[in-house]
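J.: Quick one: the structure is below, and I'll ask about it shortly.
A short reminder: the numbers here are calculations on the coordinates, not readings from a lab. None of these values were measured; they are calculated from a predicted model. Positions of Cβ are generated from backbone atoms using ideal geometry, with glycine treated the same way; all protein chains shown enter the neighbour counts.
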Amino acid sequence: MVAVRVRILGDGERLVEHRPGMTVGDVLRELGLLSDEYVVSRNGRVVAEDEAVEDGDELVLYPVVSGG
């Protein structure tokens, strides 16, 4: 299977099947996650949700913490 590995801090690891033209936002939607709730790192570099992903990439999702 061609896949993107997704590690969600505090919530384990998942694989998402890679499709041509797939973006970080597509991966998040596939997992039922909202992009404004996470900072996403692709292969060690922080990226936006319109960044393309490739087979074999690793995304690490850091939950956004807010409060006052």
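J.: Does region 47-67 hold any residues that are assigned to a loop (DSSP other than H, G, I, E, B) and not β-branched (V, I, T), and which are they?
T.: Residues satisfying the conditions are A48, E49, D50, E51, E54, D55, G56, D57, S66, G67.
J.: Let me ask you something else. Just the residues that are more than 24 Å from S66 (Cα to Cα) and either in contact with a Leu (Cβ under 6 Å, 6 or more places away or on another chain) or of a type in the set (K, R) (or both), please, taken from region 5-54.
T.: Scanning region 5-54 gives R5, R14, R19.
J.: Would you confirm whether any residue within region 2-13 is in contact with a Gly (Cβ under 9 Å, 6 or more places away or on another chain) and β-branched (V, I, T)?
T.: Yes, there is a match, as at least one residue in region 2-13 is in contact with a Gly (Cβ under 9 Å, 6 or more places away or on another chain) and β-branched (V, I, T).
J.: So which residues in region 1-46 are under 12 Å from Y62 (Cα atoms) and either touching a Cys at 6+ places or on another chain (Cβ under 8 Å) or assigned to a strand (DSSP E or B) (or both)?
T.: Those that are under 12 Å from Y62 (Cα atoms) and either touching a Cys at 6+ places or on another chain (Cβ under 8 Å) or assigned to a strand (DSSP E or B) (or both): V6, R7, I8, Y38, V39, V40, S41, R42, V46.
J.: Which one is surrounded by the fewest Cβ atoms within 10 Å (Cβ to Cβ) among residues in region 41-68 that are among the aliphatic types (A, V, I, L, M) and more than 16 Å from R7 (Cα to Cα)?
T.: V65
J.: Another question, then. Which of the residues that make up region 1-48 are free of Cβ contacts under 8 Å to residues at least 24 places away in the same chain and among the β-branched types (V, I, T)?
T.: Selection gives V16, V40, V46, V47.
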